[in-house]
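Worksheet: one structure, shown below.
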Amino acid sequence: MSMYDVEEIRSDFPILGRILPNGKPLVYFDNAATSQKPNAVIDAMSTYYKTYNSNAHRGAHTLADEATTALEDARESIAAFFGATPSNLIYTSGTTEAINLVAYAWARKNLAEGDAVVLTEMEHHADIVPWQELSKEIGIELRYVPLDLEKMSLDMEAYKHALPGAALVCVVHTSNVLGTRNPIEEIIALAKASGARTLIDAAQGASHERINFEELGADFVTLSAHKMAGPTGIGGLLIANDALAQCGPFLTGGQMIRSVSTDGSVYRDGAALLETGTPRIAEAIGWGAAIDWLSKIDFDQMHDHIKALAMMAYEGMREIDGITLYSDPSRPGSSGTISFLHERIASDDLAMLLNEGGIALRTGQHCAQPLMDALGVASTNRISLWLYNTEEEIQSFLTHLRMVCERFGA
Ligand code: PMP
């Protein structure tokens, strides 16, 4: 697509034409939770199940060959999209499993009592709880970088203070609550200079920005396919060669072994050590199709489109009495995620009232309780926009929000 044509993009997503039971057209603003899927993804998965469903890597028949080829072709396309080689991409169920994999297979083996892991208050629970568990198990120290509340960004001075002696830095690329895009290049450079490895949680980042693993230079990058047009149930870990060589096993059983006897087992090396059991075949094929589909999108144009919509929503919300905003989409690199609250309408009620207008948004603590604590709130309402949203949808959202606030927020 040379010009950004939102209607052409929308026509690839059958769900976007849905009329809800109350007669309202769907306005889908919950993309940070999961994105919708284009026909290319739905069809690729359906073709696999209808014509060559088979287990991969283990059969000597035509279907098994076809399934294995499709699984590995997908790995090649996905790795290439992220500037990585296929042997550096490990399929996981998503970001949550990818971070657990790093904690269990790499950190548990390579860190020891007293080693420090730097986290931030902006992390999703997926990038906090595995480290807390490991801390209980082996006594690592956790250091949390606080938020600069004025700027809704990380306090970089505090980061610099947390760094000396740290073995690993784990940072979210783009916040699922604030939409803030963190200065990950600077964070990685400082970590490298200080001898720490880096893990970038790109669950939100990968859907609005092209990420190049090799250029970025992080040791670990975690991905969730379902937030970038792919299916649920799959994502991945991009892992640097030397970190991969330091990994022990994660999940154990079939596929990751070279040989097993009643006396013990010998494991495979590299990525093969870290993928256990029947692979996520349909899901990998679906993710590969999503990547092929996304490859046709100009990400700069997409980013401009999302930013223009986010600014329109932000400016409109700023004028509504009683609304507090916790995001600033004018910040460079911000995603289309905006958190907000009404001072007199509870967030659950507001979401329910907007749902009556066909608007799908998220309410709650967004698996980011430390961030909620830092903001001093129990929850927020959150709209999260993506490449197929339109100006008309923003106008419809603002009209409903104004109406709800006038009627229930006085
Ligand atoms: N990190 C961030 C920033 C996220 O937004 C999410 C999903 N909400 C996750 C991690 C967890 O991803 P998943 O549920 O796909 O494993």
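The values are calculated or read from the model by the stated rules, or taken from the named source; none is laboratory data. Here the structure is a predicted model, which means the values were calculated and not measured. Positions of Cβ are generated from backbone atoms using ideal geometry, with glycine treated the same way; all protein chains shown enter the neighbour counts.
Would it be correct to say that I187 is within 16 Å of the ligand (Cβ to nearest atom) and not in a helix (DSSP H, G or I)? So I187 fails the test. For segment 249-291, the set of residues classified as among the charged types (D, E, K, R) and farther than 19 Å from A56 by Cβ consists of D263, D269, listed by residue number.
Among the conditions (1) part of a loop (DSSP other than H, G, I, E, B); (2) over 28 Å from L16 (Cα atoms); (3) within 16 Å of the ligand (Cβ to nearest atom), A98 misses just one, which is (1). Against the condition in contact (Cβ under 8 Å) with a residue 12 or more places away in the chain, among the polar types (S, T, N, Q) and out of contact with any strand residue (DSSP E or B) (no Cβ under 8 Å at 6 or more places or on another chain), how does T363 come out, does it pass? The answer is no for T363. Per the conditions (1) among the hydrophobic types (A, V, I, L, M, F, W, C); (2) out of contact with any helix residue (DSSP H, G or I) (no Cβ under 8 Å at 6 or more places or on another chain); (3) part of a helix (DSSP H, G or I), the sole criterion not satisfied by L353 is (2).
Filtering segment 122-154 to residues that are surrounded by fewer than 20 Cβ atoms within 10 Å (Cβ to Cβ), among the aliphatic types (A, V, I, L, M), part of a helix (DSSP H, G or I) and away from the ligand (no atom under 16 Å from the Cβ) leaves only I138. Of all residues in segment 108-155, those being within 24 Å of the chain's Cα centre (by Cα) and more than 23 Å from L371 (Cβ to Cβ) number 1.
Take V118 and decide whether it is away from the ligand (no atom under 16 Å from the Cβ) and farther than 15 Å from I234 by Cβ.
The answer is yes for V118.
Residues are listed down the side, and each one gets a yes or a no for (1) within 11 Å of the ligand (Cβ to nearest atom); (2) without any contact (Cβ under 8 Å) to a residue 40 or more places away in the chain:
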site: R210; (1), (2): no, no
site: E215; (1), (2): no, no
site: T222; (1), (2): yes, no
site: M228; (1), (2): yes, no
site: L251; (1), (2): no, yes
site: Q255; (1), (2): no, no
site: R258; (1), (2): no, yes
site: S261; (1), (2): no, yes
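Please tell me if L101 is farther than 30 Å from Q246 by Cβ and either of a type outside the set (D, E) or assigned by TED's automatic domain parsing to the domain that holds S396 (or both). Here the answer is no, as L101 does not meet what is asked. Filtered by the rule that a residue be surrounded by fewer than 18 Cβ atoms within 10 Å (Cβ to Cβ) and either in a loop (DSSP other than H, G, I, E, B) or away from the ligand (no atom under 15 Å from the Cβ) (or both), segment 368-386 gives D373, A374, G376, V377, A378.
Here the condition is being over 30 Å from S194 (Cα atoms), in contact (Cβ under 8 Å) with a residue 40 or more places away in the chain and either more than 16 Å from the ligand (Cβ to nearest atom) or β-branched (V, I, T) (or both); of A70, A107, it holds for A70 alone.
Here's the yes/no breakdown for (1) away from the ligand (no atom under 16 Å from the Cβ); (2) assigned to a loop (DSSP other than H, G, I, E, B); (3) surrounded by 19 or more Cβ atoms within 10 Å (Cβ to Cβ):
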{"site": "I285", "(1), (2), (3)": "yes, no, yes"}
{"site": "A289", "(1), (2), (3)": "yes, no, yes"}
{"site": "P332", "(1), (2), (3)": "yes, yes, no"}
{"site": "I338", "(1), (2), (3)": "no, no, yes"}
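Among the residues that make up segment 369-383, is at least one of them under 22 Å from E209 (Cα atoms) and modelled with pLDDT of 95 or more? Within segment 369-383 (the criterion being under 22 Å from E209 (Cα atoms) and modelled with pLDDT of 95 or more), the answer is yes, since at least one residue qualifies.
Take the residues of segment 291-325 that are in a loop (DSSP other than H, G, I, E, B) and under 20 Å from the mean Cα position of the chain (by Cα): which is surrounded by the most Cβ atoms within 10 Å (Cβ to Cβ)? Checked segment 291-325; the qualifying residue surrounded by the most Cβ atoms within 10 Å (Cβ to Cβ) is I297.
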